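See below for the structure under consideration.
Laboratory data are not the source of any read-out in this text; all were calculated from the coordinates shown. Since this is a predicted model, take the numbers as computed values, not measurements. Heads up, the Cβs are rebuilt from the backbone with ideal geometry, glycines too, and the neighbour counts pull from every protein chain shown.
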Amino acid sequence: MFADKYLDKNKLIGRIAELPHPGSGIILVIPCYREPEILETLHSVISCRLPENFVEVLVLINHSDTASDEIKAQNHQTRQELEAWIKQHSAERLKFFVIGPVELKKKWAGAGTARKAGMDEAVGRFNQLNKPDGIIVSLDADTLVEENYLIEIEEYFRNNPSDAGATIHFSHQKDGLGERHLQGILLYEKYMDYYKRAMAFTGYPYSMFTVGSAFAVTAGAYVKRGGMNRRQAGEDFYFLQTLVQVGRVGEITLTTVHPSARLSGRVPFGTGPVLQKWMEGEEDLRNTYSFDAYANLKCFFGKVELLYQISREDYEKELSGLPHSVKAFLNADVFWKELNDLNRNCASLASFRLRFYHKFNAFKILKYLNFTHAHYYEKADLDEQLLLLTTAEQNS
């Protein structure tokens, strides 16, 4: 079977006794930790129009092995509620399973490990069917989906069978938010749009939204990628930005996922913590990375082909013509070492061009942005930077 080695290496303990239906083609994975609104998420899923493939929904209730008795009791209650709900709700070609509560070791407990446990379970079920093209969908327990959600996911992968995965269009839930809370989430969404578009403007080929509740991946690509990481936050960003090394990651735009805009301090970064800091006046979402930083990086990316099999002397000459901020970052990052290693292992320009952005990837771009804003730029008004970006896009 396609995932035998992966499952052996990760020591998967199959937690569902019932065998998957032979027609199963989509598995939704929903990590659940202290989620009182989980039934609303399941109601939105069961209200979806059903695709041709059978669909499974795996809810993985989890907590740390050092969690308080209160948290453990709440999770056990959630399981009872879910079991009762599942007995009363069934649909043709749609099956719900509840797993756990699963106790995670304190060192690794968090969003990444929980998502990995659920997605590994999904891989195990597709492996029983030897179906590497099975679709694993990442969803959150505080998220709502639209009625065409399942059919659009199925349709996308039917039309793009070679893709490794896809992000899904999203818009945060906004009903009932207070004035400042609403302002915060609107600013955050505007920032996310700016960041994605500005990344693409630089010439970086893998610009995408990275939202944990809004992406899908084929089981085969998930295995090739090495599975989900165990980060306590940002697991979606790290997973998707390395998934592009396996294959194309597209975008599903004909349906919308609606994540919660709730405030949260559970994780060190992400939507919840950002909004929490905004509400407390610790972060100003009206300011963002200067567009100049992206424009200057574009100058460097425009020279990528010139860097193929380049000598150290010629590399230094190319650097001398770059904006000071970019040149300083490349020197501080000692990028020559990575570039030299890349050139030693690329036999063609096409291979070099592809693998260059595996070296100068989204992580390094973020590192560049933070470095240059510590030394060269100041964060600037978001609306003004968006206008500069839009004008540059129109003129390029």
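Residues with amide H under 5 Å of residue 34's amide H, sequence separation 5 or more or different chain, H placed in the peptide plane at 1.01 Å from N; which?
62
5 Å is the cut-off here: which amide hydrogens, built 1.01 Å from N in the peptide plane, fall below it relative to residue 24, excluding neighbours closer than 5 in sequence?
Here 54 satisfy the definition.
Taking the Cβ of residue 53 as the center, what net charge do the other residues with Cβ under 15 Å away carry, scoring Lys and Arg +1 and Asp and Glu -1?
Within the 15 Å Cβ shell, the charges total -1.
Relative contact order of segment 291-378, please, whole-number percent, based on alpha carbon pairs below 8 angstrom and at least 6 residues apart.
This gives 37 percent for segment 291-378.
Using the alpha-carbon atoms, what tilt in degrees (0 to 90, nearest 10) does helix 179-201 show relative to the longest principal axis of the chain?
50 degrees
I'd like the Karplus ³J(HN,Hα) series for segment 25-41: coefficients 6.51, -1.76, 1.60, θ = phi - 60°, whole numbers in Hz, and an x wherever there's a Gly or Pro.
x, 9, 10, 8, 10, 10, x, 9, 10, 6, 10, x, 9, 4, 5, 5, 4
Using a 10 Å cut-off around each Cβ, can you sort 326, 137, 223, 304 from fewest to most neighbouring Cβ atoms?
304, 326, 223, 137
P(r) tail for segment 112-190, what percent of Cα pairs lie past 18 Å?
Summing the P(r) tail past 18 Å for segment 112-190 gives 59 percent.
Picking from 200, 219, 141, which is most flexible by a Gaussian network model of the chain using Cα springs under 10 Å?
200
Order of 224-230, 119-125 by packing, highest average Cβ count within 10 Å first?
Packing order, densest peptide first, comes out as 119-125, 224-230.
Does segment 221-321 come out rounded, prolate or oblate, given a ≥ b ≥ c as the square roots of the eigenvalues of its C-alpha gyration tensor, rounded meaning a/c under 1.5 and, failing that, prolate meaning a/b above b/c?
oblate
Determine the shape class of segment 1-105: with a ≥ b ≥ c the square roots of the Cα gyration tensor eigenvalues, call it rounded for a/c under 1.5, and otherwise prolate if a/b is greater than b/c, oblate otherwise.
oblate
Got a sec? How would 157, 239 order by Cβ neighbour count within 10 Å, fewest to most?
157, 239
In terms of modelled amide H atoms, which long-range or inter-chain residues lie less than 5 Å from the amide H of residue 96?
Amide H to amide H, under 5 Å and 5 or more residues apart or across chains, residue 96 pairs with 57.
So how many Å³ per residue does the convex hull of the Cα atoms of segment 291-378 work out to?
84 Å³
Applying the Karplus parametrisation 6.51 cos²θ - 1.76 cosθ + 1.60 with θ = phi - 60° to the phi angles of segment 113-130, what ³J(HN,Hα) value in whole Hz is obtained for each residue in order, glycine and proline being reported as x?
Calculated HN-Hα couplings, in order: 5, 5, 5, 4, 4, x, 6, 5, 4, 5, 4, x, 6, 5, 5, 4, 9, 6 Hz.
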